[in-house]
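Peer 1: Dumping the structure here so I can ask a few things about it.
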Amino acid sequence: MTPDQAAFLLNDIYLPQIRNEHQTTRRVIAAIPAGQCEWRPDAKCMSAIELAWHMVTTELFFLKGMTAGKFERGDTARPDNVKTPADVLQWDDAHFENALAAFAAVSANELTRPIDFFGFMTMPGIMFSTILCSHSIHHRGQLSSYLRPMGGKVPRIYGPSGDEPMSM
């Protein structure tokens, strides 16, 4: 991959997609009904709040890794003061935009450098943007399927939902 290709992918494809997917994920997190944070469809599943936390921290993990040119496992434990969807979104407000801005500032040459993903795969750093988005989309689908059984409403995701029509 050339630096020009990496710059095109970053600026014209991935940054807009990451921003758009992130806002959609935030709408789904905000739709978790009050008092239902610990709801899960099965004992093997993450609770709604655990899933929301996993999504926002994993987005940050990928942004920081692509920015630094290496992935490092960090402490992803949810702080004691993060108990509600609003708390998750407030935490995200304090971290996401700075991480995205740092990633957006990475040079085109640095975007092409290979990054090892814990021995599982190695590829140019910019390509992990696809995994970031796919991971968020996957878990957002899980969380959106929790909403109605919890008594909540499903927000629009890629178009209108039964609960939130698109405004024209």
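Peer 1: Quickly run through the stretch 97-143 and pick out the residues that are among the charged types (D, E, K, R) and either within 19 Å of Tyr158 (Cα to Cα) or in contact with a Cys (Cβ under 6 Å, 6 or more places away or on another chain) (or both).
Peer 2: Pass one, the stretch 97-143, residues among the charged types (D, E, K, R): 97, 110, 113, 116, 140.
Matches in the stretch 97-143: Arg140 only.
Peer 1: Let me ask something else. Filter the stretch 34-73 down to residues that are of a type in the set (Gly, Ala, Ser) and within 16 Å of the chain's Cα centre (by Cα) and give me whichever is farthest from Leu111 (Cα to Cα).
Peer 2: Here is the first cut: in the stretch 34-73, the residues of a type in the set (Gly, Ala, Ser) are 34-35, 43, 47-48, 52, 65, 68-69.
Now restrict to residues that are within 16 Å of the chain's Cα centre (by Cα): 48, 52, 65.
Working: Ala48: 34, Ala52: 28, Gly65: 11 Å.
For the stretch 34-73, the residue satisfying everything is Ala48.
Peer 1: Which condition does Cys37 not pass, out of (1) part of a helix (DSSP H, G or I); (2) in contact with a Lys or Arg (Cβ under 9 Å, 6 or more places away or on another chain), if it passes all the others?
Peer 2: Only one criterion is unmet by Cys37, namely (1).
Peer 1: Please go through (1) surrounded by 15 or more Cβ atoms within 10 Å (Cβ to Cβ); (2) modelled with pLDDT under 95; (3) of a type in the set (S, T, N, Q) for Thr76 and return the number of the only condition it doesn't satisfy.
Peer 2: Of the numbered conditions (1) surrounded by 15 or more Cβ atoms within 10 Å (Cβ to Cβ); (2) modelled with pLDDT under 95; (3) of a type in the set (S, T, N, Q), the odd one out for Thr76 is (1).
Peer 1: Only one residue in Thr130, Thr84 is of a type in the set (Val, Ile, Thr), within 19 Å of the chain's Cα centre (by Cα), closer than 14 Å to Arg19 by Cα and at pLDDT 95 or above. Which one? Show your work before the answer.
Peer 2: Details: Thr84 fails: closer than 14 Å to Arg19 by Cα.
Going through Thr130, Thr84 in turn, the sole match is Thr130.
Peer 1: Looking at Ile18, Ile32, which one is in contact with a helix residue (DSSP H, G or I) (Cβ under 7 Å, 6 or more places away or on another chain), outside any helix (DSSP H, G or I) and closer than 14 Å to Arg140 by Cβ? Walk me through how you get there before you give the answer.
Peer 2: On the way: Ile18 fails: outside any helix (DSSP H, G or I).
Answer to the check: Ile32.
Peer 1: Asp116: more than 18 Å from Ile13 (Cβ to Cβ), modelled with pLDDT of 95 or more and in a strand (DSSP E or B), yes or no? Walk me through how you get there before you give the answer.
Peer 2: Working: more than 18 Å from Ile13 (Cβ to Cβ): yes; modelled with pLDDT of 95 or more: yes; in a strand (DSSP E or B): yes.
Taking the combined requirement at face value, the residue satisfies it.
Peer 1: Next question. Of the conditions (1) modelled with pLDDT of 95 or more; (2) loosely packed, with under 11 Cβ neighbours inside 10 Å; (3) of a type in the set (A, V, I, L, M), Met168 satisfies every one except a single condition; which number is it?
Peer 2: (1)
Peer 1: Let me ask something else. What is the one condition in (1) in a loop (DSSP other than H, G, I, E, B); (2) of a type outside the set (Gly, Ala, Ser); (3) in contact (Cβ under 8 Å) with a residue 60 or more places away in the chain; (4) crowded, with 17+ Cβ neighbours inside 10 Å that Met66 does not satisfy?
Peer 2: Of everything listed in (1) in a loop (DSSP other than H, G, I, E, B); (2) of a type outside the set (Gly, Ala, Ser); (3) in contact (Cβ under 8 Å) with a residue 60 or more places away in the chain; (4) crowded, with 17+ Cβ neighbours inside 10 Å, Met66 misses just condition (1).
Peer 1: Now a separate question. I'm told His138 meets every condition in (1) in a loop (DSSP other than H, G, I, E, B); (2) surrounded by fewer than 14 Cβ atoms within 10 Å (Cβ to Cβ) except one. Can you identify the failing condition by its number?
Peer 2: Condition not satisfied by His138: (1).
The values are calculated or read from the model by the stated rules, or taken from the named source; none is laboratory data. As the structure is a prediction and not an experimental result, all values here were calculated from the model. All Cβ positions, even for glycine, are placed from backbone atoms using ideal geometry, and neighbour counts span all protein chains on display.
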